[in-house]
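A.B. asks: I am attaching a structure below and will ask some questions about it afterwards.
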Amino acid sequence: MATLVTGGAGYIGSHTVAALHDAGRDVVILDDFSNAARRAVDSIRSLTRSDLPVVEGDAGDLEVLDAVFDGHRIDSVVHFAARKSVAESVSDPLGYYRSNLGSVISLAAAAIDRGVPRLVFSSSATVYGSASAPPVTEDSPTVPESPYGETKLMGERILADAAAASEMSVTSLRYFNPVGAHPSGLIGEDPSGEPANLVPRIMQVAAGRRDRLEVFGADYSTVDGTALRDYVHVMDLAEGHVAALDAAMTPASSRVYNLGTGSGTTVLQILGAASEVIGSSIPYEMAERRPGDIEASWADCTRARDELGWQARRDLAQMLADHWNFARQQSSC
Ligand code: WQD
């Protein structure tokens, strides 16, 4: 039996495939490579098995899903495949609702139709918006502030309703800010196009592919005036998916978990830690706040610790060292 990982060639997906393999699970990847490099497949196979099945296709396409379920014995699904740019979702809301919710509905229908008992859904801390002062728990108000965040919250609700009407159980994982890479340096964050996120941009500056970092906002009510986030190692996140699949769940049930470290770090603190790891200063300049940004966000992860036995184990220095190890290899190739 195998776990179907949609978006399995992407950033968090590829690391989860490696963690599932290390936990003794067989995996089938489904990816349309819209936001993942095909070269990642060779790296993933070198970390897992050379014949790891990879199907190219859209996770919302019922014919593609039929072919996957007909061709492989699938006993669980981890669903990553989604468009994930907050800014892009604001300019193309219908595209985001069609794509992200279409794949949730089609995949859940196919999985239930085939009697698949377990599904883990890749959600996001953006479902909380800025409505709650951190640390946020899974019971904090969810008020997304972008169509992207709405697709994640609606996805959770669609899957919870689908589970309740079937024998499937669903676990939704709300990630905070993923950072880092596999210790081998063979897989990491390698988005198609220009990154919008902080750490990939810092790494571009360090690798000489960007002149300097713009720090978006220096007037927040934080220790140094810059915004604060809960950065979590992508390998810790990957292991959180294994823990979610391993956890006992009653059929027709659903559960939501925060995956973070439980502590916050400011932009300037990230810059300082990155300079330490890279061994050189990172040129930056203060700039205006970025529209849509919130001041502070970090998680309360008590539920994942108590119910999944999961806690983030890797610290900020490890996150940045592993991220840099991958990024500089990317720059040299
Ligand atoms: C972090 C901080 C920026 C770039 C987003 C998505 C979220 C999730 C993770 C998918 C903020 C500041 C950034 C830069 C900066 N993705 N920053 N200069 O916005 O917290 O979360 O990515 O699930 O859904 O919303 O992450 O890395 O973009 O920003 O100062 O060039 O770094 O203002 O305070 P964010 P980020």
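A.B. asks: Residue 210: basic (Lys, Arg) and more than 10 Å from the ligand (Cβ to nearest atom), yes or no? Break it down into steps so the answer makes sense when it comes.
C.D. replies: Details: basic (Lys, Arg): yes; more than 10 Å from the ligand (Cβ to nearest atom): no.
For residue 210, the condition - basic (Lys, Arg) and more than 10 Å from the ligand (Cβ to nearest atom) - is not met.
A.B. asks: Looking only at segment 104-124, which residues are surrounded by fewer than 24 Cβ atoms within 10 Å (Cβ to Cβ) and either assigned to a helix (DSSP H, G or I) or of a type in the set (Asp, Glu) (or both)?
C.D. replies: 105, 106, 109, 110, 112, 113
A.B. asks: In this structure, is residue 230 within 12 Å of the ligand (Cβ to nearest atom) and buried (at least 19 other Cβ atoms within 10 Å of the Cβ)?
C.D. replies: On the way: within 12 Å of the ligand (Cβ to nearest atom): yes; buried (at least 19 other Cβ atoms within 10 Å of the Cβ): yes.
Against the criterion (within 12 Å of the ligand (Cβ to nearest atom) and buried (at least 19 other Cβ atoms within 10 Å of the Cβ)), residue 230 qualifies.
A.B. asks: Can you go through 215, 179 and tell me which one is in contact with a His (Cβ under 8 Å, 6 or more places away or on another chain) and touching a residue at least 12 places away in the same chain (Cβ under 8 Å)? Talk me through it step by step, then tell me what you get.
C.D. replies: On the way: 215 fails: in contact with a His (Cβ under 8 Å, 6 or more places away or on another chain).
It is 179.
A.B. asks: What's the number of the only condition in (1) within 21 Å of residue 14 (Cβ to Cβ); (2) within 14 Å of the ligand (Cβ to nearest atom); (3) within 16 Å of the chain's Cα centre (by Cα) that residue 236 fails to meet?
C.D. replies: Result: residue 236 fails condition (2) only.
A.B. asks: Here's a follow-up. Determine which member of the set 71, 60 is under 21 Å from the mean Cα position of the chain (by Cα) and of a type outside the set (D, E, K, R).
C.D. replies: Working: 71 fails: under 21 Å from the mean Cα position of the chain (by Cα).
So the residue among 71, 60 that is under 21 Å from the mean Cα position of the chain (by Cα) and of a type outside the set (D, E, K, R) is 60.
A.B. asks: When residues of segment 33-58 are filtered for being in contact with a strand residue (DSSP E or B) (Cβ under 8 Å, 6 or more places away or on another chain) and in a loop (DSSP other than H, G, I, E, B), how many remain?
C.D. replies: 5
A.B. asks: I need a count of the residues in segment 277-318 that are surrounded by fewer than 13 Cβ atoms within 10 Å (Cβ to Cβ), touching a residue at least 40 places away in the same chain (Cβ under 8 Å) and not in a loop (DSSP other than H, G, I, E, B).
C.D. replies: Residues in segment 277-318 being surrounded by fewer than 13 Cβ atoms within 10 Å (Cβ to Cβ), touching a residue at least 40 places away in the same chain (Cβ under 8 Å) and not in a loop (DSSP other than H, G, I, E, B): 3 in total.
A.B. asks: Just one of (1) modelled with pLDDT of 95 or more; (2) outside any loop (DSSP other than H, G, I, E, B) trips up residue 224, so point out which.
C.D. replies: With (1) modelled with pLDDT of 95 or more; (2) outside any loop (DSSP other than H, G, I, E, B) applied to residue 224, the lone miss is (2).
A.B. asks: Okay, next question. For segment 213-227, which residues satisfy the criterion of being near the ligand (Cβ under 9 Å from one of its atoms), among the aliphatic types (A, V, I, L, M) and closer than 14 Å to residue 293 by Cα? Even if it seems obvious, please write down each step before you answer.
C.D. replies: Within segment 213-227, the first condition is being near the ligand (Cβ under 9 Å from one of its atoms), and the residues that meet it are 213-217, 220, 226-227.
Filter once more, keeping what is among the aliphatic types (A, V, I, L, M): 213, 215, 227.
Result: 215, 227.
A.B. asks: A further question follows. Within segment 160-194, how many residues turn out to be under 16 Å from residue 104 (Cβ atoms) and surrounded by fewer than 16 Cβ atoms within 10 Å (Cβ to Cβ)? Break it down into steps so the answer makes sense when it comes.
C.D. replies: Here is the first cut: in segment 160-194, the residues under 16 Å from residue 104 (Cβ atoms) are 160-166, 168-174.
Remaining after also requiring surrounded by fewer than 16 Cβ atoms within 10 Å (Cβ to Cβ): 161, 164-165.
Selection size over segment 160-194: 3.
A.B. asks: Now for a different question. Looking only at residues that are of a type in the set (Ser, Thr, Tyr) and within 16 Å of residue 218 (Cβ to Cβ) in segment 261-291, which one is farthest from the chain's Cα centre (by Cα)?
C.D. replies: Step one: filter segment 261-291 for residues of a type in the set (Ser, Thr, Tyr), giving 261, 263, 265-266, 275, 280-281, 284.
If we keep only those that are within 16 Å of residue 218 (Cβ to Cβ) as well, we get 265-266, 284.
On the way: 265: 19, 266: 20, 284: 27 Å.
By that ranking, first place goes to 284.
A.B. asks: Of the residues 33, 69, only one is of a type in the set (A, V, I, L, M, F, W, C) and in contact with a Lys or Arg (Cβ under 6 Å, 6 or more places away or on another chain); which? Spell out how you get there, then give the answer.
C.D. replies: Working: 33 fails: in contact with a Lys or Arg (Cβ under 6 Å, 6 or more places away or on another chain).
The conditions single out 69.
A.B. asks: Looking at 178, 195, which one is in a strand (DSSP E or B), of a type outside the set (D, E, K, R), near the ligand (Cβ under 10 Å from one of its atoms) and closer than 27 Å to residue 44 by Cα? Break it down into steps so the answer makes sense when it comes.
C.D. replies: Working: 195 fails: in a strand (DSSP E or B).
Result: 178 is the single residue among 178, 195 that is in a strand (DSSP E or B), of a type outside the set (D, E, K, R), near the ligand (Cβ under 10 Å from one of its atoms) and closer than 27 Å to residue 44 by Cα.
A.B. asks: Identify the residue in segment 6-32 that is among the acidic types (Asp, Glu) and in a strand (DSSP E or B) and, among all such residues, is nearest to residue 76 (Cα to Cα).
C.D. replies: 26
A.B. asks: So which residues in segment 125-148 are assigned to a loop (DSSP other than H, G, I, E, B), within 15 Å of the ligand (Cβ to nearest atom) and within 18 Å of residue 255 (Cβ to Cβ), if there are any at all?
C.D. replies: Result: 128, 142.
A.B. asks: Could I ask something else about it? Tell me which residues, restricted to segment 279-297, are of a type in the set (Lys, Arg) and at pLDDT 95 or above.
C.D. replies: Start the filter on segment 279-297 by keeping residues that are of a type in the set (Lys, Arg), which leaves 289-290.
Passing the criteria: only 289.
The values are calculated or read from the model by the stated rules, or taken from the named source; none is laboratory data. Please read all numbers here as calculations on a predicted model, not as lab measurements. Because the Cβ atoms are built from the backbone with ideal geometry, glycine has one as well, and the counts that use them run over all protein chains shown.
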